[in-house]
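I have placed the structure first, in the form of C-alpha cells, so that the comments after it can refer back to it.
The values are calculated or read from the model by the stated rules, or taken from the named source; none is laboratory data. Quick caveat: nothing in here was measured; it's all calculated off a predicted structure. Methodologically, a virtual Cβ is constructed for each residue, glycine included, from the backbone with ideal geometry; neighbour enumeration extends over all protein chains shown.
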Amino acid sequence: GARWRVLRRLAAAGIALHPARARGTPAGLELVDAGRDAPTTLPADCVIAATGAHAPPWTQSSGLACDAAGWVMVDAGHRSVSHPFIHAAGDVCTRADPGFARSGVHAVHAGPVLAANLLAALAGGPASAPVRSYRPRPRSLHLIASGPRHAIASWGRWSAEGRWVWRWKDRIDRGFIARHRRAAIVPV
C-alpha cells in the first residue's frame with residue numbers, strides 16, 4: 001500500500017520515475033533497460049537519482065569484517081565482530097540477525113545503545129563487554145514526507161496518508177530534535 005501511495009503522489013506531482021540504470025551524457029540522461037536493445041536518452045535539466053544504500057568503499061579495505069556487500073559486520077551491541085573496540089551503527093553496518101534491515105528507524109533506535117556502549121568501553125577499556133544490546137523490532141513505523149503538509153505512513157502491511165500523518169510525523173520529528181537538543185546542553 002505504501003509503495004502505491006508514493007507512486008501515486010509522484011505521478012500527481014508530475015515527477016517521472018525511471019527505474020533503470022543510467023548515466024549522464026551531454027545529450028541528457030541515458031537509460032539502459034535490460035528489456036530494450038538500445039539505450040533511451042532523455043533530455044534533462046535536473047536529475048535526481050535514488051540509488052539506495054551502498055556500503056562506503058573504504059570499509060572493505062579497512063580490515064574490519066564485512067559482509068559480501070561491504071557493510072561492517074557488528075554484534076547486538078554494535079561492536080565490530082572482528083575488532084570489538086570499534087563500534088558502528090546506521091548506514092555503515094549490518095548484523096547477521098535474520099530480518100535486520102538498514103533503515104533510519106533502526107539507526108535512530110540503535111543510537112542510544114551505541115552511545116551507552118561507547119561510554120562503557122571508555123570507562124572500562126576496549127575489553128569491556130557492551131552493557132546494552134539493540135534488538136530490532138519485527139515491524140517499524142515509517143513516515144515519509146510527500147509534499148506540503150502531507151505524509152505517508154506504513155507499518156507492516158498497513159499504510160495511510162494525509163495531513164494528519166504529516167502532523168504526526170512533524171510532532172515525532174520535533175520531539176526527537178527537542179530531546180537531543182536538551183541532551184546536548186546538559187552541563188557535564
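Here Ala13 passes the criteria (1) surrounded by 11 or more Cβ atoms within 10 Å (Cβ to Cβ); (2) over 27 Å from Ala110 (Cβ atoms); (3) touching a Gly at 6+ places or on another chain (Cβ under 9 Å) except the one numbered (1). For region 123-138, a tally of residues being loosely packed, with under 13 Cβ neighbours inside 10 Å and modelled with pLDDT of 85 or more returns 2. The set of residues from region 54-101 being in contact (Cβ under 8 Å) with a residue 40 or more places away in the chain and exposed (fewer than 12 other Cβ atoms within 10 Å of the Cβ) comprises just one member, Phe85. Of all residues in region 1-19, those being touching a Ser or Thr at 6+ places or on another chain (Cβ under 9 Å) and small (Gly, Ala, Ser) number 3.
For region 163-188, filtered to residues that are at pLDDT 95 or above and surrounded by fewer than 14 Cβ atoms within 10 Å (Cβ to Cβ), the residue that is farthest from Trp4 (Cα to Cα) is Arg171. Of the residues making up region 56-73, those that are under 26 Å from Leu119 (Cα atoms) and either among the β-branched types (Val, Ile, Thr) or touching a strand residue (DSSP E or B) at 6+ places or on another chain (Cβ under 7 Å) (or both) are Thr59, Leu64, Ala65, Cys66, Trp71, Val72, Met73. Across region 16-52, which residue is farthest from Ala145 (Cα to Cα) among those that are under 24 Å from the mean Cα position of the chain (by Cα) and surrounded by 12 or more Cβ atoms within 10 Å (Cβ to Cβ)? Applying the filter and picking the extreme gives Ala22. Here is the figure for region 143-158: residues that are at pLDDT 90 or above, surrounded by fewer than 18 Cβ atoms within 10 Å (Cβ to Cβ) and not hydrophobic (A, V, I, L, M, F, W, C) total 4. The C-beta contact set for region 128-157 (first residue over 25 Å from Thr94 (Cα atoms), second residue of a type in the set (D, E, K, R) and at pLDDT 90 or above, distance under 6 angstrom, 6+ apart or interchain) comprises Ser146/Arg9; Arg149/Arg163; Ala151/Lys169; Ile152/Arg5; Ile152/Glu161. The residue pairs whose first member lies in region 163-183 and is touching a residue at least 24 places away in the same chain (Cβ under 8 Å), whose second member is surrounded by 12 or more Cβ atoms within 10 Å (Cβ to Cβ), and whose beta carbons are closer than 6 Å, counting only pairs six or more residues apart or on different chains, are Lys169/Leu143; Lys169/Ala151.
For the residues Ala53, Ala44, Ala49, Ala76, the requirement of being under 28 Å from Ser154 (Cβ atoms), touching a strand residue (DSSP E or B) at 6+ places or on another chain (Cβ under 9 Å) and part of a loop (DSSP other than H, G, I, E, B) singles out Ala49.
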